[in-house]
Amino acid sequence: MKYDFKGITAEELSFKLNRVRLNPNDKLDIKPQFSRQVRKVNGNDKLNFIALSVKIESTEAEPKPFDINVTIVGIFEVEEVANDAEERKFVIEATKLLYPYLRATVTNLTASAYIAPLNLPIITTPLFPEDRDQYAFSVGNLN
């Protein structure tokens, strides 16, 4: 399998400040929710779009000082995919490649809103639980 990273774009960037009053001793639990969507172009199976999103929303039960919704899309040209396992491996690798861009976008968006920048954590394992079994299998094959 071979893939070529063609580019990246922001599909959605939204920020909303919430007037939440927190006590000085309260600990803020942001709890970002991540999602991913994989799309192919009709008529061109080589062209793949991986949309990686993060959402932070305030609720009555769990108030947050802001709401954020960020979606970035990576554009990839993929060739010589032999089977579903290789395609799954590509999706995991593409997600791993896009995540730092998502982190930077969230940091820049919050900084541009004149609040303390939010830095999402650095993640060294697969972001999505469904990828973890495949990742362990792939790492096992490297030895």
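The values are calculated or read from the model by the stated rules, or taken from the named source; none is laboratory data. Note that the coordinates shown come from a computational prediction; the quantities given were computed from them, not determined experimentally. Note: ideal-geometry Cβ built from the backbone for every residue, glycine included; neighbour counts use all protein chains shown. These area figures cover heavy atoms from the full protein model, side chains too; ligands, DNA and RNA do not enter into them. Shrake-Rupley method; radii C 1.70, N 1.55, O 1.52, S 1.80 Å.
If only residues of region 6-30 that are part of a loop (DSSP other than H, G, I, E, B) and modelled with pLDDT of 85 or more are counted, the one that is most open to solvent (accessible area, probe 1.4 Å) is ARG19. Within region 1-48, restricting attention to residues that are within 28 Å of LEU118 (Cβ to Cβ) and of a type in the set (Gly, Ala, Ser), the residue that is nearest to the chain's Cα centre (by Cα) is SER35. Here region 72-102 is the region considered, the condition is being under 16 Å from SER35 (Cβ atoms), assigned to a helix (DSSP H, G or I) and touching a strand residue (DSSP E or B) at 6+ places or on another chain (Cβ under 9 Å), and the residue that is most open to solvent (accessible area, probe 1.4 Å) is TYR101. Residue count for region 37-67, restricted to those that are within 18 Å of LYS6 (Cβ to Cβ) and either in a strand (DSSP E or B) or of a type outside the set (S, T, N, Q) (or both): 15. Evaluated against (1) on the phi > 0 side of the Ramachandran plot; (2) not in a loop (DSSP other than H, G, I, E, B), TYR114 falls short on exactly one condition, (2). Sub-8 Å Cβ pairs linking a first residue in region 54-78 that is farther than 17 Å from ILE115 by Cα and at pLDDT 95 or above to a second residue that is assigned to a loop (DSSP other than H, G, I, E, B) and open to solvent by less than 10 Å² (accessible area, probe 1.4 Å), at least 6 apart or interchain, are VAL54/LEU120, ordered by first then second residue.
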